[in-house]
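Bear in mind these aren't lab numbers, they're just calculated from the coordinates by the rules spelled out. Since the structure is predicted, the reported quantities are computational estimates derived from the model, not experimental observations. When we count neighbours, we look across all protein chains shown, and the Cβ atoms used for this are built from the backbone with ideal geometry, even at glycine.
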Amino acid sequence: MIITRSPYRISFLGGGTDVKNWYKHNGGLVISAAINRHVYVFLKENTQFNYIASNHRIIWKQIEVQKNYKNIINPIVRSVFKLRKLKSYYECYYSGDFPSMSGSGSSSAFATSLLYAEALMSKKKISKKKIFEDAIHIERVMMK
């Protein structure tokens, strides 16, 4: 089992200027800081000894059991699994110090934690910059 965490952030200035339609024409500047509260991701590969060995099990504000990652309701998990072209089945548990939709960057923190957990699980060397780029791609392009 892999356990990762990413900090929440607080934006002090410039929220929204990181949106491409804005900064492309007007420029942008965001001042934010990470805080000492976190999103936690627990990721485990399902094995033949597990009762859901041929399914993904995602635990967030609900519990999902899906055969195909394309049917996963959680958009971040679905997008990470699609981006990384996962071949195995996984159990993924999300927990955070703050509730989702709190405006503290929980979706970005969740995406980066899950991307990092998957890289560790698959024993891939991946840079922080690549995780950052993949998280942005997931949130802005894949999830729109």
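Going by the structure shown, is residue 126 within 11 Å of the chain's Cα centre (by Cα), under 25 Å from residue 46 (Cβ atoms) and not acidic (Asp, Glu)? No; evaluated as a whole, the condition is false for this residue.
Tell me, please, whether a residue that is surrounded by 19 or more Cβ atoms within 10 Å (Cβ to Cβ), under 22 Å from residue 119 (Cβ atoms) and either without any contact (Cβ under 8 Å) to a residue 40 or more places away in the chain or in contact with a strand residue (DSSP E or B) (Cβ under 9 Å, 6 or more places away or on another chain) (or both) can be found in region 28-36. No, there is no match, as no residue in region 28-36 is surrounded by 19 or more Cβ atoms within 10 Å (Cβ to Cβ), under 22 Å from residue 119 (Cβ atoms) and either without any contact (Cβ under 8 Å) to a residue 40 or more places away in the chain or in contact with a strand residue (DSSP E or B) (Cβ under 9 Å, 6 or more places away or on another chain) (or both). Applying the criterion of being hydrophobic (A, V, I, L, M, F, W, C) and either without any contact (Cβ under 8 Å) to a residue 60 or more places away in the chain or over 19 Å from residue 100 (Cβ atoms) (or both) to the residues of region 63-81, the residue that is surrounded by the fewest Cβ atoms within 10 Å (Cβ to Cβ) is 63.
So that you can scan it fast, the table gives a plain yes or no per residue for (1) polar (S, T, N, Q); (2) surrounded by fewer than 17 Cβ atoms within 10 Å (Cβ to Cβ); (3) assigned to a helix (DSSP H, G or I):
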position: 86; (1), (2), (3): no, yes, no
position: 94; (1), (2), (3): no, no, no
position: 98; (1), (2), (3): no, yes, no
position: 111; (1), (2), (3): no, no, yes
